[in-house]
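*Asks:* Take a look at this one; I'll ask things after.
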Amino acid sequence: MQAHGHDDSGHGAQGGHAAGGHEHAPVADPDFDWWLGGTVLLIAVLTAMFVLPATHAAGPVTPVRPLAPEAGDEGHFSERLEHVQALRGEKPAPSPGDADRQKLAELYSALAGGGVADDSVPPEVNAEIAFLIRTVADSGLDFTRDGVERSSIELATYMLDRWENATEPMYSGEAFIRRIFGHKVVDQKLNRVKLANGTDKPTATWLQEALDKRRGN
């Protein structure tokens, strides 16, 4: 009998074929895809629940249009101010003219019972003092009181306060003028009225002239 030799090379070739065969691509894991999709969906839901409402509540990023008038819009500033104040629920601020008229009305109301309550002062004297205060208030002129500029309403209010809080009665219009504006040369320099024609004069002189005209002098 012949002995059959085994060729190890053949088996080696077969082993090599088995070892060097084609590798198969890995199969996708369905559990991982489901987990990834769920995570993305959860992030989208959380964004809709928290981020978007917070942005809406915070308001727009761009600033609100300022109240200052833009070029060519100066004539409509007061209307825009009233509109913005109405939107904010604020009470419209009075214009300078309205504020002056209100102060003037309060001044006239106070003049009805102003002054020192003293029976020794004749009623016609109180009437002259009230006339002097109204003359200043109605003039619309600019004044200086002790060198400080004051409007007509400011000075008239100051005069009324001095009259209402006087410690001693004043028995003539001249006494009231001297009490408020003095009679010395330095007083005439510090207390002046700017007239409509551009000149000025001592306020005491200007009021005395008005008082004399009222008396018919």
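The values are calculated or read from the model by the stated rules, or taken from the named source; none is laboratory data. Treat the numbers as computed from the prediction; the structure is a model and nothing was measured. Here the Cβ positions follow ideal geometry from the backbone for every residue, glycine too, while neighbour counts run over all protein chains shown.
*Asks:* Name the residue that is surrounded by the most Cβ atoms within 10 Å (Cβ to Cβ), counting only residues in the range 169-217 that are among the small types (Gly, Ala, Ser) and either touching a residue at least 12 places away in the same chain (Cβ under 8 Å) or within 16 Å of Ser139 (Cβ to Cβ) (or both). Before you say what the answer is, go through the steps one by one.
*Replies:* Residues of the range 169-217 among the small types (Gly, Ala, Ser): 172-173, 175, 182, 196, 198, 204, 210, 216.
Then drop every residue that is not either touching a residue at least 12 places away in the same chain (Cβ under 8 Å) or within 16 Å of Ser139 (Cβ to Cβ) (or both), which leaves 172-173, 182, 196, 198, 204, 210.
Details: Ser172: 15, Gly173: 24, Gly182: 17, Ala196: 8, Gly198: 6, Ala204: 20, Ala210: 16.
Per the criteria, the residue is Gly173.
*Asks:* Next up: Is there any pair linking a residue in the range 135-146 that is closer than 12 Å to Leu207 by Cβ and modelled with pLDDT of 95 or more to one that is assigned to a strand (DSSP E or B) and of a type in the set (S, T, N, Q), with Cβ under 9 Å and at least six apart or on different chains, and which?
*Replies:* From residues that are closer than 12 Å to Leu207 by Cβ and modelled with pLDDT of 95 or more, the pairs are Leu141/Ser151; Phe143/Ser151.
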